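See below for the structure under consideration.
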């Protein structure tokens, strides 16, 4: 490690990073709420205070939705706020993009949280509590802390660095899509998602499906005169269970540590309007995993074919087939190109920043903005503070030591790619 790198690491202000994280967590930026925009503005102001060149803009969602490849949304929005900060010598594209999303999922019942306040940002025993602390405001705070250290040290970057704080990731990635549509790109990108000390160069994907099953209503005392949509769904659900088993029999080596690479989960079922009436309608919605390397179109057709086969085997469903639709976000699978140097650079920086060994390289079973940057031609990996098991959970939390370590990793990456 050279003198400049040591100087930048020495310039990292741990207390400032923790204060930034607390401030961000205290903004209740739930998807679709006005606070999403407040959190983006907070980032824009923070990057401006670091004397970065800040591009802030407002996106008309109706126009964005019409763009080919729009990744979808699951909550209503009429606008999206964008923010990108850049620093260093201007070039055709930044040598490195550091990206993180500021939106969070709803906290649920406040009474189930130990603090009774999901947005407290309180520190207990070396961990910081609050919705979004792990997923993924810790990563955003670490990125800002790394940039602050580079600026504070006086190091002059020979190539541009870009910071992309984005909204709307949790329900599709419209914020990152808007940022890329505005023309912001880079030679490589690190997304500061919580990776539990691992580097993730590949994601499986996920889609939301909706099944509409129709039956024939009758009085419950004469149920055999009707056809229960619930019972017909049971037949279809059994076929989906077998489909999940087939799709997960031979996993990609990067995903071999998982019990299921592409889970198929029914998350909601609505049926019936009266206890003594045979239900004539059932609507089921669920999450359907996209296999690594599988196109979204192929994944959809596979599920649609399985449902069609189930219908063909039943007299009622043959004449009243189940309708399959695809609402919500579209999370394709994606991966870093084989042999790209970014993977090795992140692993070496982690060791130089104090990790006991090079991070393991594993695939993630969930969708993320990685697939949007990759699709735009920006090689991308995920590496960031936090354990994904705490993401979206009651008493969400992140270890402060993990946040501070990642800030040092990002600072080294900035110097090595931009300096």
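The values are calculated or read from the model by the stated rules, or taken from the named source; none is laboratory data. Keep in mind that what you see is a predicted model, and the values were worked out from it rather than measured. Reconstructed Cβ throughout: ideal geometry from the backbone, glycine too, with neighbour counts over all protein chains shown.
Output the residue which, of all residues in the stretch 9-41 that are free of Cβ contacts under 8 Å to residues at least 40 places away in the same chain and within 21 Å of residue 407 (Cα to Cα), is farthest from the chain's Cα centre (by Cα). Step through it out loud before you land on a result.
Residues of the stretch 9-41 free of Cβ contacts under 8 Å to residues at least 40 places away in the same chain: 15, 19, 33-35, 38.
If we keep only those that are within 21 Å of residue 407 (Cα to Cα) as well, we get 15, 19.
Working: 15: 27, 19: 24 Å.
Looking at residues that are free of Cβ contacts under 8 Å to residues at least 40 places away in the same chain and within 21 Å of residue 407 (Cα to Cα), I get 15.
Inspect the stretch 395-412 for any residue being at pLDDT 95 or above, part of a loop (DSSP other than H, G, I, E, B) and farther than 30 Å from residue 212 by Cβ and give the result as yes or no. So far as the stretch 395-412 goes, yes, one or more of its residues are at pLDDT 95 or above, part of a loop (DSSP other than H, G, I, E, B) and farther than 30 Å from residue 212 by Cβ. Number of residues in the stretch 124-157 that are surrounded by fewer than 22 Cβ atoms within 10 Å (Cβ to Cβ) and touching a helix residue (DSSP H, G or I) at 6+ places or on another chain (Cβ under 7 Å) equals 5. Taken over the stretch 198-239, the criterion of being over 30 Å from residue 188 (Cα atoms), under 27 Å from the mean Cα position of the chain (by Cα) and surrounded by 21 or more Cβ atoms within 10 Å (Cβ to Cβ) is satisfied by 209, 211.
Does at least one position in the stretch 146-159 carry a residue that is within 30 Å of residue 65 (Cα to Cα) and not in a helix (DSSP H, G or I)? No, the stretch 146-159 contains no residue that is within 30 Å of residue 65 (Cα to Cα) and not in a helix (DSSP H, G or I).
Can you list the strands (runs of 3 or more DSSP E) lying wholly within the stretch 256-344 that have 2 or more residues being in the same structural domain as residue 244 (by TED's automatic domain parsing) and surrounded by 16 or more Cβ atoms within 10 Å (Cβ to Cβ)?
Values: elements: 264-271, 281-290, 323-325.
Those strands (runs of 3 or more DSSP E) span 264-271, 281-290.
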